[in-house]
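**Q** One structure follows; several queries about it will come next.
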Number of protein chains: 2
Amino acid sequence: MSDYCVATYRCFDENANFHKKAQSIAVGLTVGSWTELPAAQQKQMEKHLGRVLSVEVSEPGAGQDGNAAGRYADIRIAYPDVNFSADIPALLVTVFGKLSMDGAIKLIDLQFSPAFASGFGGPKFGIAGVRDLLGVHDRPLLMSIFKSVVGHDLDELGRQFYGQAAGGVDLIKDDEILFENPLTPIEKRVETCMAAARRARETTGQQLLYAVNVTGPASKLAEQAKKAIGAGANALLFNVLAYGFDTMRELAADPDINVPIAAHPALAGALYPSPHYGIAASVLLGKLMRLSGADLVLFPSPYGSVVMPKAENMAIRHALVTEQLDGDYLYRAPDDAGAPRGPAPQLRTSFPVPSAGIHPGLVPWIIRDFGQDVVVNAGGGIHGHPLGTAAGGQAFRQAIDAVLEGRTLSAYAETRPELRAAIERWGAKE
Amino acid sequence: MSDYCVATYRCFDENANFHKKAQSIAVGLTVGSWTELPAAQQKQMEKHLGRVLSVEVSEPGAGQDGNAAGRYADIRIAYPDVNFSADIPALLVTVFGKLSMDGAIKLIDLQFSPAFASGFGGPKFGIAGVRDLLGVHDRPLLMSIFKSVVGHDLDELGRQFYGQAAGGVDLIKDDEILFENPLTPIEKRVETCMAAARRARETTGQQLLYAVNVTGPASKLAEQAKKAIGAGANALLFNVLAYGFDTMRELAADPDINVPIAAHPALAGALYPSPHYGIAASVLLGKLMRLSGADLVLFPSPYGSVVMPKAENMAIRHALVTEQLDGDYLYRAPDDAGAPRGPAPQLRTSFPVPSAGIHPGLVPWIIRDFGQDVVVNAGGGIHGHPLGTAAGGQAFRQAIDAVLEGRTLSAYAETRPELRAAIERWGAKE
């Protein structure tokens, strides 16, 4: 029984014979050489050989993807699982290690075989689990971000936290640039913020998750996470790309780290935006984040200040929330076509968190594009509210309620001063 | 006393006010807001504030860097060390976490403050230490790469190893896509290859380092490395970018991992080649590799099949071999200009290993560009030699000798059939 992971590349070249190039990738990144091998050795090596599944050449001007200028081909190659260990570093190094440096080429999709994916636990909570923790099943969640944290002390942090919590947000995340520091060390930060959460709960009646930023030496991250959890943390924030996907997987797989993990996309912009190089956002912030166990995944929204094209946002969403990650599409070796095979493992889904530049007036668009399984996430759109931070959170909750009730924001705002003030400040998309 | 790390960005925008943008980066990625703060708070927050050091705007057509089309600015910003912990993930997330996703912007340089760099041990061996291990001080080193390894057994691996070793190479590295596998598990692989090295030594009289690929779950890498060392490994290969720089640093800092580490650039092409996005090769494969402790660093040469522009190669070289990493250039806060300060820590140098498409005829260029402190690294240029693998190594050693003796390759080849055959096959640059 042969299982294969499938990589799709977009490869730019004015003159290349893309079919030949595809063949040379499939051979070069697996068995090294093929046509020179004696028949007996070919027989023996066949299970290690990469397979070209398809080559779609796009000539300039012929209805090309808007981002991609020039002549290119989308090349799909299947790599036998038997060639690499069942971990993300091994898969990435195999399919895009050396190849990433070989001219203008971008990894635009990656499909995991059932056997490969079965080695991963995925998110420990996922969308359903996070909802259960919060007791919220019937609406999008609302997350807020601290405003300024660097250089502030615990008192100021607690004040900021309480202001956000009082507005009815479901999750509050640390700033990703808040590291271990003498003013707000992780345990004290957790104690201060969780105390503020309890105070806010007396008026809001709401559960709240605080995602505290886990940082420091790679081998001490699990320890740091457990320290935070010991101090009362009920969620974690993690800069996945600064540490690698396997470290993310290990945190998620650790039985003692029994809280949801929010993956921050810091550094992702070094990898996904170029049409000619790097790794597509749907792979980087979609499939690999879910596979490695992120319960929530932040990424730049197509609405706000840090813009990602909407199609890429939707591809990330699909990777995070579709029931069966890569259940369709999979390649099987010809000799294996009739063999019975178990179903692909069902990884829990991850909450998409489109972020940056979000204000209440964008909520109708967010729900239109993402449905209810989304986390509406705001910083300036909460802290910058004309009536204060708590009103900022309330305005978002009102905007969410309006959309779920099928009302327009402006109609709903008539009797709700918080939403009205937000719309006056930032406008509304309906 | 304030210490600052300095990031230089190339930022593309047709219309932006780059001075304003620089200011907003310096504030936004540090204290969050500034002009709105009351004077008393400004005083308190000043030590956390990022500083714009310079903004050089380049208008289209005005003698621009060849790679960069359109209007851009090179922006230098100093970030106070007090804002982040002294580790590479924290520095990268601070200076390029969110910013990487903010339009067309590339991190083109990163300068470490002495205080920041002093937290790093750097390479444990470095150029001098690797030379001492090999007993070779008067010439460039020669490294070779296995040909096909996936799907082969220990016998075949041992045969390939012996062929390479017999040709007089100084180092042999695993293929970076050879992971832990039942045919050639790491300990058996080390035993087999080191035995082949001892056999070859009987004829060559040479020491040889075998860099075995350390792979697997992130938290088990150190254990895996020690297993390999226990079995006799005298060097390691590591896919740094698949695991992150801090994991590299931890391996290099581990007192029980007392062998040189060669850093493979796998996946680097997803980050450095675009002029508009990502992280420059000199930062990624130069400064950060040395800081995190790589004794040898592989990267695509400007000569061969996988091409990097020569200026980038030279920038990598400078970062790896210059005596004092970022000793000049450093920014100090104005209030601190007269204060005494210790010298920047002296990190050991790292061996540059320009790779891919190298044949003996390129040796004069390699030595002209890199000097003697370089590792000449070849795969096909050794295995593909018309007279066999051992002759391939010999041809390289002869090419190196020729250059050091000030002879042309063609003259030197007259009495040396191995070099002659190589030149006939691949040509020579003189």
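The values are calculated or read from the model by the stated rules, or taken from the named source; none is laboratory data. Because the structure is a prediction, the values reported are computed rather than measured. No Cβ is skipped: glycine too gets one built from the backbone with ideal geometry, and neighbour counts run over all protein chains shown. We work out accessible area using only protein heavy atoms, side chains counted, and drop any ligands, DNA or RNA first. Shrake-Rupley method; radii C 1.70, N 1.55, O 1.52, S 1.80 Å.
**Q** Quick one: which helices (runs of 4 or more DSSP H) sit completely within segment A:322-430 and have at least 1 residues that are at pLDDT 95 or above and among the polar types (S, T, N, Q)?
**A** Filter on segment A:322-430 gives A:389-404, A:409-413.
**Q** Also, I was wondering about something else. Among the residues of segment B:67-87 satisfying the criterion of being within 24 Å of the chain's Cα centre (by Cα) and polar (S, T, N, Q), which is most open to solvent (accessible area, probe 1.4 Å)?
**A** B:ASN67
**Q** Ok, one more. Please find, within segment B:353-400, the residue that is farthest from B:GLY126 (Cα to Cα) out of those that are aromatic (Phe, Trp, Tyr) and within 22 Å of the chain's Cα centre (by Cα).
**A** So, considering only residues that are aromatic (Phe, Trp, Tyr) and within 22 Å of the chain's Cα centre (by Cα), the one farthest from B:GLY126 (Cα to Cα) is B:TRP365.
**Q** Could you tell me which numbered condition A:HIS276 fails, if it satisfies all but one of (1) open to solvent by less than 10 Å² (accessible area, probe 1.4 Å); (2) more than 22 Å from B:MET248 (Cβ to Cβ)?
**A** For A:HIS276, the failing item is (1).
**Q** If you don't mind, another one. Of the residues A:GLU36, A:GLU56, A:GLU14, only one is more than 14 Å from every other protein chain (Cβ to nearest Cβ), surrounded by fewer than 21 Cβ atoms within 10 Å (Cβ to Cβ) and modelled with pLDDT under 95; which?
**A** A:GLU14
**Q** Condition test on B:CYS5, is it more than 17 Å from B:ASN83 (Cβ to Cβ) and surrounded by 14 or more Cβ atoms within 10 Å (Cβ to Cβ)?
**A** So B:CYS5 does not fit the description; no.
**Q** So A:ASP295 fits all but one of (1) open to solvent by less than 10 Å² (accessible area, probe 1.4 Å); (2) acidic (Asp, Glu); (3) more than 18 Å from A:LEU171 (Cβ to Cβ); what number is the exception?
**A** (3)
**Q** Provide a single number: the residues in segment B:92-109 that are touching a residue at least 40 places away in the same chain (Cβ under 8 Å) and either surrounded by fewer than 23 Cβ atoms within 10 Å (Cβ to Cβ) or touching a Lys or Arg at 6+ places or on another chain (Cβ under 6 Å) (or both).
**A** Result for segment B:92-109: 5.
**Q** Using the structure shown, decide if A:THR30 is part of a loop (DSSP other than H, G, I, E, B) and in contact with a Leu (Cβ under 8 Å, 6 or more places away or on another chain).
**A** On the way: part of a loop (DSSP other than H, G, I, E, B): yes; in contact with a Leu (Cβ under 8 Å, 6 or more places away or on another chain): yes.
Taking the combined requirement at face value, the residue satisfies it.
**Q** Then there is this: Name the residues in segment A:239-278 that are facing chain B (nearest Cβ under 8 Å) and in a loop (DSSP other than H, G, I, E, B), would you?
**A** A:GLY244, A:PRO265, A:ALA266, A:LEU267, A:LEU271, A:PRO273, A:SER274, A:HIS276, A:TYR277
**Q** Output yes when any residue across segment B:238-256 is touching a residue at least 60 places away in the same chain (Cβ under 8 Å), crowded, with 24+ Cβ neighbours inside 10 Å and out of contact with any Ser or Thr (no Cβ under 9 Å at 6 or more places or on another chain), and no when none is.
**A** No: zero hits.
**Q** Check segment B:155-163 and report whether any residue there is more than 20 Å from B:PHE370 (Cα to Cα) and within 24 Å of the chain's Cα centre (by Cα).
**A** no
**Q** Based on what the data block shows, is B:GLY61 within 13 Å of chain A (Cβ to nearest Cβ) and of a type in the set (Gly, Ala, Ser)?
**A** Judged against the criteria, B:GLY61 is not a match.
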